[in-house]
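Peer 1: Below you will find the structure I want to go over with you.
The values are calculated or read from the model by the stated rules, or taken from the named source; none is laboratory data. Just so it is clear, the model here is predicted, and its values are computed rather than measured. Note that each Cβ is placed from the backbone with ideal geometry, even for glycine, and that neighbours are counted across all protein chains shown. Quick note on the areas: whole protein, heavy atoms, side chains included, nothing else; ligands and nucleic acids left out. Shrake-Rupley method; radii C 1.70, N 1.55, O 1.52, S 1.80 Å.
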Amino acid sequence: MDLKPEDFQNLDKLGEGAAGTVRKVMHRPSGLIMAKKSITADPDPAIQRQILRELAFLKTCNSPHIVSFFGVFLDDGDTTIAICMEYCEAGSLEDIYKRARDLGGVIGEPVLERVAESVCKGLVYLHSKHVIHRDIKPSNILVTKKGEVKLCDLGVSGELINSLAQTFTGTKYYMAPERIQGAPYSVQSDIWSLGLTIIEVSQNRPALPPPGQPHLSIFELLDFIVHQPVPTLTSEHISKECKNFVSVCLTKDPRSRPGPQRMLQHPFIRMWENVEIDLSSWIKEVWNWT
Ligand code: ATP
Ligand code: MG
């Protein structure tokens with residue numbers, strides 16, 4: 001499908017991150033509803049072309065655990081890069097746990113298991129295509145109205161990562177210790193971020209900075225991640241298998257930290273293997289959909 005800026009009609013604004021704005025849009029020629037992420041583009045046309053080329057890789061990603069991609073183009077008079085993807089009606093896990101918090105509830109273990117399993121399967125798929133996600137966190141894990149859990153915002157464009165790094169103001173809470181110490185990204189770094197994500201989603205607040213020290217500077221926080229004990233899942237209603245899954249994800253030494261394929265063999269995943277978990281009814285309840 002060839003996407004052109006003038007073919008889109010803006011519907012709602014879905015959210016805003018450090019890199020840009022995400023809108024619900026309608027692609028008029030096809031009638032499809034999509035999510036369009038607009039990122040301020042580097043003014044250099046050669047860099048823009050390179051980013052578009054690299055992002056085109058997303059077209060080859062085809063997995064139930066990865067948000068589908070419709071296309072990318074220059075928008076707003078060539079000042080932004082627009083990435084069009086599948087619209088996930090239930091929003092991100094961040095939206096969902098904040099909603100649960102507002103309702104006075106917590107997200108239960110069966111949902112945590114489906115999240116862990118879907119993320120690991122998504123990472124196995126990406127790994128088979130030699131891609132590392134690089135930004136696993138609750139806002140980059142989306143849920144559809146059918147209750148499917150999918151990864152978005154894959155780190156497939158080195159040039160886009162470079163150009164965002166120059167203006168980057170976002171959080172670095174999810175960064176693995178080896179990354180802080182300058183080692184290259186590996187699929188194991190994504191597993192670290194998954195561990196922090198599960199703690200955050202189950203406790204309705206980020207695992208870091210640690211609760212007792214909310215005002216750490218960025219330097220102190222990075223130092224904490226490298227040198228202090230890792231965060232743990234403490235809730236009483238959580239099984240020891242789930243807690244252990246998280247602590248294996250948060251193994252500090254990346255050489256001893258398993259990749260996604262091995263995490264899928266963990267007793268926490270096995271334990272829920274033959275249990276039906278109805279995420280579509282759960283999501284209806286969360287958002288009060290009838
Ligand atoms: P950061 O910029 O720090 O990475 P972020 O991931 O929240 O934060 P964006 O990627 O711009 O920033 O996304 C903003 C919000 O838009 C998300 O939190 C989510 O609520 C919403 N969103 C993003 N993509 C989609 C999508 N495909 N379908 C539905 N909602 C989406
Ligand atoms: Mg995002």
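Peer 1: Are there any pairs, at least 6 apart or on different chains, whose C-beta atoms fall under 6 Å, with the first in the range 266-290 and open to solvent by less than 50 Å² (accessible area, probe 1.4 Å) and the second in a loop (DSSP other than H, G, I, E, B), and if so, which?
Peer 2: Pairs that qualify, where the first residue is open to solvent by less than 50 Å² (accessible area, probe 1.4 Å) and the partner is in a loop (DSSP other than H, G, I, E, B), are 279/147; 280/146; 280/147; 283/90; 283/147.
Peer 1: Go through (1) within 15 Å of ligand 1 (Cβ to nearest atom); (2) of a type in the set (D, E, K, R); (3) in a loop (DSSP other than H, G, I, E, B); (4) over 27 Å from residue 34 (Cα atoms) and name the single condition residue 205 misses.
Peer 2: If we test residue 205 against (1) within 15 Å of ligand 1 (Cβ to nearest atom); (2) of a type in the set (D, E, K, R); (3) in a loop (DSSP other than H, G, I, E, B); (4) over 27 Å from residue 34 (Cα atoms), just (1) comes out false.
Peer 1: So which pairs qualify, if the first residue must be in the range 10-38 and without any contact (Cβ under 8 Å) to a residue 12 or more places away in the chain, the second must be open to solvent by 30 Å² or more (accessible area, probe 1.4 Å) and more than 6 Å from ligand 1 (Cβ to nearest atom), the Cβ gap must be under 8 Å, and the two must be at least 6 apart or on different chains?
Peer 2: Once the first residue is without any contact (Cβ under 8 Å) to a residue 12 or more places away in the chain and sits in the range 10-38, its partners that are open to solvent by 30 Å² or more (accessible area, probe 1.4 Å) and more than 6 Å from ligand 1 (Cβ to nearest atom) give 13/23; 13/24.
Peer 1: Can I ask one more? Give the residue, chosen from 218, 199, 191, 141, that is within 16 Å of ligand 2 (Cβ to nearest atom) and β-branched (Val, Ile, Thr).
Peer 2: One residue alone meets the criteria, 141.
Peer 1: Residue 42 fails exactly one of the following numbered conditions: (1) at negative phi; (2) without any contact (Cβ under 8 Å) to a residue 12 or more places away in the chain. What is the number of that condition?
Peer 2: (2)
Peer 1: So is residue 245 modelled with pLDDT under 95 and not in a loop (DSSP other than H, G, I, E, B) or not?
Peer 2: It is false that residue 245 is modelled with pLDDT under 95 and not in a loop (DSSP other than H, G, I, E, B).
Peer 1: What do you reckon, is residue 61 more than 11 Å from ligand 1 (Cβ to nearest atom), buried (at least 16 other Cβ atoms within 10 Å of the Cβ), closer than 22 Å to residue 132 by Cα and touching a residue at least 12 places away in the same chain (Cβ under 8 Å)?
Peer 2: yes
Peer 1: Does residue 66 meet the test of being buried (at least 19 other Cβ atoms within 10 Å of the Cβ), within 27 Å of residue 172 (Cβ to Cβ) and within 12 Å of ligand 1 (Cβ to nearest atom)?
Peer 2: In short, yes.
Peer 1: A follow-up question, please. Specify the residue that is farthest from residue 249 (Cα to Cα); the eligible residues are those in the range 131-144 that are assigned to a loop (DSSP other than H, G, I, E, B) and more than 8 Å from ligand 1 (Cβ to nearest atom).
Peer 2: Among those that are assigned to a loop (DSSP other than H, G, I, E, B) and more than 8 Å from ligand 1 (Cβ to nearest atom), it is 144.
Peer 1: So which residues in the range 76-119 are in a helix (DSSP H, G or I) and open to solvent by less than 30 Å² (accessible area, probe 1.4 Å)? Walk me through it before giving the result.
Peer 2: So the first thing to find is which residues in the range 76-119 are in a helix (DSSP H, G or I), and the list is 93-102, 109-119.
If the condition is that a residue be in a helix (DSSP H, G or I) and open to solvent by less than 30 Å² (accessible area, probe 1.4 Å), then 93, 96, 97, 100, 109, 111, 112, 113, 115, 116, 118, 119 are the ones that fit.
Peer 1: Working only within the range 208-227, note down all residues that are free of Cβ contacts under 8 Å to residues at least 12 places away in the same chain and part of a loop (DSSP other than H, G, I, E, B). Show your work before the answer.
Peer 2: Within the range 208-227, the subset free of Cβ contacts under 8 Å to residues at least 12 places away in the same chain is 211-217, 219-220, 223, 227.
Answer for the range 208-227, where residues must be free of Cβ contacts under 8 Å to residues at least 12 places away in the same chain and part of a loop (DSSP other than H, G, I, E, B): 211, 212, 213, 214, 215, 216, 217.
Peer 1: Next up: Of the residues 126, 208, 160, which is closer than 25 Å to residue 234 by Cα, out of contact with any strand residue (DSSP E or B) (no Cβ under 6 Å at 6 or more places or on another chain) and crowded, with 20+ Cβ neighbours inside 10 Å?
Peer 2: 208
Peer 1: Give the residue that is farthest from ligand 2 (Cβ to nearest atom), with candidates limited to residues of the range 4-43 that are assigned to a loop (DSSP other than H, G, I, E, B), at pLDDT 95 or above and open to solvent by less than 70 Å² (accessible area, probe 1.4 Å).
Peer 2: Taking the candidates together, the pick is 31.
Peer 1: Which members of the range 145-177 meet the condition of being part of a loop (DSSP other than H, G, I, E, B), within 16 Å of ligand 2 (Cβ to nearest atom) and more than 14 Å from residue 94 (Cβ to Cβ)?
Peer 2: Correct list: 154, 155, 156, 157, 167, 168, 169, 172, 175.
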